Amino acid sequence: MADRSPPPLTGAQRRIRHSRVARIARKLGFVGAVEYRHVYSKSGGAQYGQGQTAADDLLIVYAEAFDRDANPDDFSLTAILAHECGHQILARHQRIARQVKGKLSDASEEILAAVLGSLLCEEVEDQDNLTLQAAAILADHGQSAAVAIQRIQGLRTLFEELL
Amino acid sequence: MMGTKTLAQMREELRRKLSETGEDPIAWLEKRIAAHKTRNVRTDVLESIKRVLERRSRKKHPKSKAKARA
């Protein structure tokens, strides 16, 4: 995917994509600017950027997010954006940000973003898929499946109380 | 970042990891769900994982809906 360019889109098609991602991001609670860039990024489809304030934050969505959404064996666009919104919560939620600031490895941040993202999704399927993502990352870092699932349950319970 | 691993890849990796228990992953999950329920321990993550492993591919329509924190 990263070695090629996305197929060309008309200006109208790009605007439709931008409107769609902006609408989903707002529904998920994202604060800040939302952009659609019609390029492949190697990011997995979207990227959260932290600004001076939440209003200055930036969510960039790339072409592969739409490719993934079209693949029935991959994450939906909503799940991809919810994961990025999870990063914004980690950075912006008063209590959560204070707890985690400067303490997280890259992998830990991805796990927490996935758990938070799962709590933002309305569709059960998206909730499930992001929960699996969190468990899979944890398991990939050496935890047994049982421990990974137990930890994700603990995080889910904690975040439900904090949000 | 979301990362480039597909849902299918993650599902298979977790399935393999669960197989390390020596049991069928779904049977293992069902056993834990039943055990947790008898002790009144939350099972939503176990049930989520079970649903993803059982789901062959994402169905676009219709989708079930539930409250995020249900």
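The values are calculated or read from the model by the stated rules, or taken from the named source; none is laboratory data. What you see is a predicted model, and the numbers here were worked out from it, not measured in a lab. Every residue, glycine as well, gets a Cβ built from its backbone with ideal geometry; the counts of neighbours run over all protein chains shown.
What to note about this one:
- Identification of helices (runs of 4 or more DSSP H) wholly contained in chain B with 1 or more residues that are modelled with pLDDT of 95 or more, small (Gly, Ala, Ser) and under 30 Å from A:Gly49 (Cβ atoms) yields B:7-19, B:44-54.
- For the range B:13-24, a tally of residues being more than 9 Å from every other protein chain (Cβ to nearest Cβ) and within 15 Å of B:Arg55 (Cα to Cα) returns 1.
- Criterion (under 14 Å from A:Leu77 (Cβ atoms) and within 14 Å of chain B (Cβ to nearest Cβ)) met by exactly one of A:Gly45, A:Gly49, A:Gly29: A:Gly45
- Which listed residue is without any contact (Cβ under 8 Å) to a residue 24 or more places away in the chain and farther than 18 Å from A:Thr157 by Cα, from A:Lys42, A:Lys103: A:Lys103
- Single residue of A:Asp56, A:Asp106, A:Asp67 found to be under 17 Å from A:Ala25 (Cβ atoms), of a type outside the set (A, V, I, L, M, F, W, C) and either away from chain B (no Cβ under 11 Å) or over 11 Å from the mean Cα position of the chain (by Cα) (or both): A:Asp56
- Count of the range A:110-143 residues which are more than 25 Å from A:Arg95 (Cα to Cα) and touching a residue at least 40 places away in the same chain (Cβ under 8 Å): 4
So that you can scan it fast, the table gives a plain yes or no per residue for (1) facing chain A (nearest Cβ under 7 Å); (2) farther than 26 Å from A:Gly117 by Cβ:
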residue: B:Thr6; (1), (2): yes, no
residue: B:Ile26; (1), (2): no, no
residue: B:Ile33; (1), (2): no, no
residue: B:Asn40; (1), (2): no, yes
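- A:His87 being facing chain B (nearest Cβ under 9 Å), within 17 Å of the chain's Cα centre (by Cα) and over 30 Å from B:Thr21 (Cα atoms): yes
- For the range A:117-148, the set of residues classified as within 7 Å of another protein chain (Cβ to nearest Cβ) and under 13 Å from B:Leu14 (Cβ atoms) consists of A:Asp128, A:Asn129, A:Thr131, A:Leu132, A:Gln133, A:Ala135, A:Ala136, A:Ala139, A:Asp140, A:Ala145, listed by residue number.
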